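Student: First the structure, then my questions, so here it is.
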């Protein structure tokens, strides 16, 4: 069974996405390729990310 080191909640919007980390911190990133790269670099270890499936992210 995987034990995650960090849990992350993501709220997507058109221009930015807000990220809440399991340690209680929060950051906002631009909803661009560069913003996503910065977000990925903010993660460490075994991470479980969750987000609401709305808009273009809905299956």
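Just so you know, all these numbers are worked out from the coordinates, no wet-lab data involved. Quick caveat: nothing in here was measured; it's all calculated off a predicted structure. Cβ sites come from the backbone with ideal geometry, for glycine too, and all protein chains shown count toward neighbours.
Student: How high is the FRET efficiency from residue 3 to residue 31, r the C-beta distance, R0 25 Å, rounded to 0.05?
Tutor: E(calc), rounded to 0.05, equals 0.25.
Student: Another question, then. Which percentage, to the nearest 5, of the DSSP beta bridges contained in the chain is antiparallel?
Tutor: Of the beta bridges lying entirely in the chain, close to 65 percent run antiparallel.
Student: Using 7 Å Cα-to-Cβ label points, what is the residue 43/residue 22 separation (nm, one decimal)?
Tutor: 1.3 nm
Student: Once you have the Kirkwood Rh of the chain from its Cα pairs, apply Stokes-Einstein at 4 °C and 1.567 mPa s and quote D in µm²/s.
Tutor: So the translational diffusion coefficient is about 107 µm²/s.
Student: At 222 nm, what value in deg cm²/dmol follows for the chain if DSSP H runs of at least 4 each add -39500 (n - 2.57) and the sum is divided by all its residues, to the nearest 500?
Tutor: -4500 deg cm²/dmol
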